[in-house]
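Only one structure is covered here, and it is reproduced in the block below.
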Amino acid sequence: MSLDALPMPASGQASAALEVASAYLSPALLNHSLRAYIWAAARGTADGISFDSELLYVAALFHDLGLVPAFDSHLVPFEEAGGHVARVFATGAGWPTERRERLAEVISRHMQPEVEVSEDPEGHLLARATATEIVGRDAEGYPAVFRAEVLRRYPRLDLTKRFLASFQDQAVRKPGGAADGAVRAGLADSVVSNPLDAPAGGPGLSEPGL
């Protein structure tokens, strides 16, 4: 598996989504979003899951926009807020109604523990990829060389500190939401022990991978 061999959407809509994400996300959250797409695309490619690369790419770029102050809603969970922002973007980009709704759906589902691949391949892949990103779930499933290549190109920076602080804030202000549930379930311990934050992507991760 090579980073450059993965499908990277180059449409005008994909470029515009990257421009929007770059304008609002911190460098750490932007890299996190790009890595989420990469882990998802790599998993889908390796497992033979047919997926819409443009839809998955835009969803990955926007999945955490609800954590950004400009789009943080006090009424709904951050993943739903991000879905609303994505729907507005997709409308302006000229996507048909069904595709806009699919984009919002993929984003809102990324916080679910499991998303059925047969029902929502992009949602399934994004949910798995974000779990890899934040707590290191299934990180050993990616070859060490590939992990190192991804982390060199898109370093994690201060993601752990920023992400944990954002989730703890969401938990306080939006009790009962997915972020609150994650914090109560011990997210802090899982985040700080993520093997992807160890030198060279985590010594001790098993070598077999995709």
For segment 123-141 versus segment 49-89, the gap between their alpha-carbon centres in whole angstrom:
17 Å
Estimated 222 nm signal from helices in the chain, with DSSP H stretches of n ≥ 4 weighted -39500 (n - 2.57), rounded to 500
-18500 deg cm²/dmol
Which of 50, 118, 130 sits farthest toward the positive end of the charge dipole of the chain, with +1 on the Cβ of Lys and Arg and -1 on the Cβ of Asp and Glu?
130
Given [x] 60, 38, 36; [y] 63, 46, 29; [z] 43, 38, 32, the label whose value is Cα extents along the principal axes in Å derived from this model
[z]
Hits for the chain under the membrane-span-like helix rule (DSSP H, Cα axial span at least 27 Å, Kyte-Doolittle mean at least 0.0) are 27-47
The chain, Gaussian network, Cα under 10 Å: of 26, 193, 11, the residue fluctuating most is 11
Residue 106 neighbourhood, Cβ < 9 Å, K/R = +1, D/E = -1, net charge -1
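Here, each number is a calculation from the coordinates, and none is a lab measurement. Just so it is clear, the model here is predicted, and its values are computed rather than measured. Neighbour counts are summed over all protein chains in view; Cβ atoms, including those assigned to glycine, are modelled from backbone coordinates with ideal geometry.
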